[in-house]
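K.L.:
Pasting a structure here, questions to come.
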Amino acid sequence: MTHTLDAAIAKLAALPPEAQDRAAGGCSTSSRTKSSGRSVLRLLKALAKLAAEARADRPAGQTTDVDPDNL
């Protein structure tokens with residue numbers, strides 16, 4: 001897993017449980033309808049924004065590497 005994805009997942013993990021469930025629901029295979037497709041697109045845009053923030057924060061030493069095996 002890339003550092004950028006690790007950082008995005010870490011930020012998602014810091015969200016309240018309800019927000020985590022909404023994000024996870026947008027990724028589940030069983031919810032691949034037209035409306036959930038829009039939800040997935042919103043989730044991907046949000047993840048792209050988080051990834052961009054993480055990339056910007058990394059050179060300033062404001063990020064922490066996360067071991068996915070310890071999540």
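The values are calculated or read from the model by the stated rules, or taken from the named source; none is laboratory data. No experiment lies behind these values; they were computed from the predicted model shown. Cβ coordinates were reconstructed from backbone atoms using ideal geometry, including for glycine residues, and neighbour counts include every protein chain displayed.
K.L.:
Enumerate the pairs (first residue in the range 1-25 and within 13 Å of Leu50 (Cα to Cα); second residue anywhere and surrounded by 14 or more Cβ atoms within 10 Å (Cβ to Cβ) and of a type in the set (Ser, Thr, Tyr)) with beta-carbon separation below 8 Å, excluding pairs fewer than 6 apart on the same chain, so at least 6 apart or on different chains.
P.N.:
His3/Thr63; Ala7/Thr63
K.L.:
Determine the pairs where a residue that is in contact (Cβ under 8 Å) with a residue 60 or more places away in the chain and among the aliphatic types (A, V, I, L, M), located within the range 47-71, has a partner that is assigned to a helix (DSSP H, G or I) and surrounded by 13 or more Cβ atoms within 10 Å (Cβ to Cβ) with Cβ atoms under 7 Å apart, the partner being 6 or more residues away or on another chain.
P.N.:
These pairs meet every condition: Val66/Asp6; Val66/Ala10.
K.L.:
Mind checking which residues of the range 50-71 are over 21 Å from Ala23 (Cα atoms), at pLDDT below 85 and among the hydrophobic types (A, V, I, L, M, F, W, C)?
P.N.:
Answer for the range 50-71, where residues must be over 21 Å from Ala23 (Cα atoms), at pLDDT below 85 and among the hydrophobic types (A, V, I, L, M, F, W, C): just Ala60.
K.L.:
Let me ask something else about it. Can you pull out the residues in the range 50-65 that are surrounded by 13 or more Cβ atoms within 10 Å (Cβ to Cβ) and hydroxyl-bearing (Ser, Thr, Tyr)?
P.N.:
Scanning the range 50-65 gives a single hit, Thr63.
K.L.:
OK, next. Could you tell me how many of the residues in the range 1-44 are surrounded by fewer than 10 Cβ atoms within 10 Å (Cβ to Cβ), modelled with pLDDT of 85 or more and assigned to a helix (DSSP H, G or I)?
P.N.:
Selection size over the range 1-44: 2.
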